[in-house]
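Reviewing the structure listed below.
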Amino acid sequence: MQAWQIDAIMNAPTLASVPDPRPGPGEALVRVAAAGLNFADLLMAQGRYQDRIAPPFVPGLELAGTVEALGPGTTGPAPGTRIAAHVRHGAFARYAAIPVDRLVAIPDDMPFATAAGFLIAYGTSHLALNEARLARGETLFVTGAAGGVGLTAVEIGHRMGARVVASVRGPAKAALARAAGADAVIDSDTPDLKSALRNLGGIDVTYDTVGGPGFDAALRATRPGGRMLAIGFAGGEVPQVPLNQLLVRNVTVIGMWWGGYLTFAPGRLVASLDALMDLWREGRLRPHVSAVLPFDRLPDGLEMLRNRSATGKVVIAMDQLP
């Protein structure tokens with residue numbers, strides 16, 4: 001079958017012919033319809049992601065498609081079931097063998113392009129904001145707020161009744177953040193982020209996808225008892241947290257790697273996804289997919305993430321989607 005493969009760390013993925021996967025016990029063979037792109041895909045190719053895969057490997061962390069067959073002795077969704085899945089790797093291929101406990105049945109009216117980019121972005125924000133105990137009336141600050149994960153934090157934070165402050169670059173992304181529920185928008189190039197946040201009254205919870213000096217600025221604008229969510233470091237710099245600032249204002253820093261919940265708290269992750277699917281069925285979530293690219297244009301999609309031109313999710317489609 002055709003798949004994108006990383007042959008060596010620091011190499012870009014190349015289109016290759018690889019053996020068809022065969023599902024083992026506890027697995028399902030899935031025909032992939034679409035796969036979501038994530039900033040983590042870039043980090044994995046560089047050997048910088050927290051979950052490191054030895055090359056050669058097929059990258060891609062999330063997908064949507066149809067169950068084709070079940071492995072020997074496996075009980076799971078019947079062939080023909082439409083599913084989404086979060087995988088350790090292997091989404092950028094025409095078929096994937098996936099543990100059945102990773103499969104999430106999707107509604108018949110949920111487009112594959114939507115489902116392929118739904119789990120990680122919404123799952124991360126839903127779990128993180130609940131872990132941070134975001135309360136109605138509190139102020140939530142979201143960095144990278146027009147990106148795949150940041151935009152869902154704006155949307156969910158708004159749904160939870162928070163006052164949302166979004167950090168983005170440029171008027172188009174500002175408009176997108178406002179449409180998702182942001183009450184105020186700060187340009188990410190502002191020279192004095194700490195003062196800008198303090199002028200808005202300070203913040204209770206920060207959802208930081210970027211890292212770098214913006215984390216420290218947000219910390220110093222956080223009210224006593226506030227919470228800082230470390231979601232990622234898309235800016236390339238891991239912030240060094242001044243513990244004295246945490247101590248004197250009773251601020252908590254919470255690390256959030258959504259995939260890690262599969263190991264230490266899978267029940268909480270599953271319950272979160274069930275709640276999110278219910279919200280989608282009720283029409284209370286509005287996923288934003290900015291681009292659906294054909295399978296052979298995966299490098300273009302990754303470049304959109306690299307140069308920050310993408311908003312919301314970028315998805316590749318194996319074939320023409322309805």
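Every number here is computed from the coordinates shown, using simple stated rules; none is lab data. Predicted, not measured: the structure shown is a model, and the values here were computed from it. Cβ coordinates were reconstructed from backbone atoms using ideal geometry, including for glycine residues, and neighbour counts include every protein chain displayed.
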Anisotropy class of segment 37-105 from Cα gyration tensor, a/c 1.5 cut: prolate
Could you tell me the relative contact order of the chain? Use alpha-carbon pairs under 8 Å, at least six residues apart, and round to a whole percent. 17 percent
Roughly how many nanometres apart are two label points built 7 Å out from the Cα toward the Cβ at residue 307 and residue 271? 4.5 nm
If we sort 294-301, 69-76 on the protection proxy, mean other Cβ atoms within 10 Å, highest first, what's the order? 294-301, 69-76
Once the Cα atoms of helix 266-281 and of the chain are each reduced to a long axis, what angle between those two axes, in degrees from 0 to 90 to the nearest 10, is obtained? 90 degrees
Here are a few candidate values for mean projected area of the Cα convex hull in nm²: [x] 15.9; [y] 17.9; [z] 15.0. Which one was actually calculated from the structure I just gave you? [x]
Just subtract the alpha-carbon distance of residue 136 and residue 296 from 0.36 nm times their residue separation and send over the number in nm, one decimal. 53.1 nm
Shape call, segment 189-230: gyration tensor on alpha carbons, a/c limit 1.5: oblate
Nearest 10 degrees is fine. How inclined is helix 148-159 to the longest principal axis of the chain, computing both from alpha carbons? 60 degrees
Zone reached by a paramagnetic label modelled 7 Å from residue 66 Cα along Cα→Cβ, restricted to segment 283-318 with backbone N below 19 Å, covers 295, 316-318
Length-normalised contact order for segment 202-248 - Cα pairs under 8 Å, 6+ apart - percent: 47 percent
With 10 angstrom as the radius, rank 88, 227, 306 by how many other C-beta atoms surround their C-beta, starting from the fewest. 306, 88, 227
Can you compute the modelled spin-label distance between residue 286 and residue 190, with each label point 7 Å from Cα toward Cβ, in nm? 2.4 nm
Over segment 250-322, consider all pairs of different Cα atoms and compute the Kirkwood hydrodynamic radius from their mean reciprocal separation; express it in Å, one decimal. 15.4 Å
What shape does segment 172-311 have by the C-alpha gyration tensor, where a ≥ b ≥ c are the square roots of the eigenvalues, rounded means a/c under 1.5, and otherwise prolate means a/b greater than b/c and oblate the rest? prolate
What whole-number value in cubic angstrom gives the convex hull volume per residue for the C-alpha atoms of segment 101-201? 116 Å³
